[in-house]
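Structure record follows, encoded as structure tokens.
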Amino acid sequence: MVRDLPAALGAGIYNVYTGVQSDDPAGAALPTAAQLGLEPPRFCAACGRRMMVQVRPDGWWAKCSRHGLVDSTDLDTRR
Ligand SMILES: [Zn+2]
């Protein structure tokens, strides 16, 4: 269980990979750190907006215009 995720990842309202609302059967729970280490999120978990995503050799960042930027290096997903 990842603690203290930023709202854009941890709000749990929208699936960060599909943008589907989590009360929909196709929706899912919070992403795990391992998941986030392998695959950057695409949608904001708080508002469902498509985020700007930039993948780097050492990680990624994703930005929601409303909820701000999340950087994978802040999440402790690797090592
Ligand atoms: Zn958002």
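The values are calculated or read from the model by the stated rules, or taken from the named source; none is laboratory data. The structure presented is a predicted model; accordingly, all values stated were derived computationally and were not measured. With ideal geometry, Cβ positions are generated from the backbone for all residues, glycine too; neighbour counts draw on all protein chains shown.
Observations on the structure shown:
- Verdict on Gly59 being surrounded by 13 or more Cβ atoms within 10 Å (Cβ to Cβ), at pLDDT below 90 and not basic (Lys, Arg): no
- Pro6 being within 14 Å of Lys63 (Cα to Cα), surrounded by 15 or more Cβ atoms within 10 Å (Cβ to Cβ), within 11 Å of the ligand (Cβ to nearest atom) and modelled with pLDDT under 90: yes
- Matching residues, segment 9-52, being touching an Asp or Glu at 6+ places or on another chain (Cβ under 8 Å) and at pLDDT 90 or above: Tyr17
- Qualifying residue in segment 45-53 (condition: exposed (fewer than 13 other Cβ atoms within 10 Å of the Cβ) and either part of a strand (DSSP E or B) or of a type in the set (A, V, I, L, M, F, W, C) (or both)): yes
- For segment 62-79, filtered to residues that are among the small types (Gly, Ala, Ser) and surrounded by 17 or more Cβ atoms within 10 Å (Cβ to Cβ), the residue that is modelled with the lowest pLDDT is Ser72.
- Taking first residues from segment 41-69 that are charged (D, E, K, R) and partners that are modelled with pLDDT under 95 and assigned to a loop (DSSP other than H, G, I, E, B), the Cβ contacts under 6 Å between residues at least 6 apart in sequence or on separate chains come to Arg42/Tyr17.
- Residues in segment 35-49 that are farther than 15 Å from Ala11 by Cα and over 10 Å from the mean Cα position of the chain (by Cα): Gly37, Leu38.
- For segment 54-79, filtered to residues that are among the hydrophobic types (A, V, I, L, M, F, W, C) and more than 13 Å from the ligand (Cβ to nearest atom), the residue that is farthest from Gly12 (Cα to Cα) is Val55.
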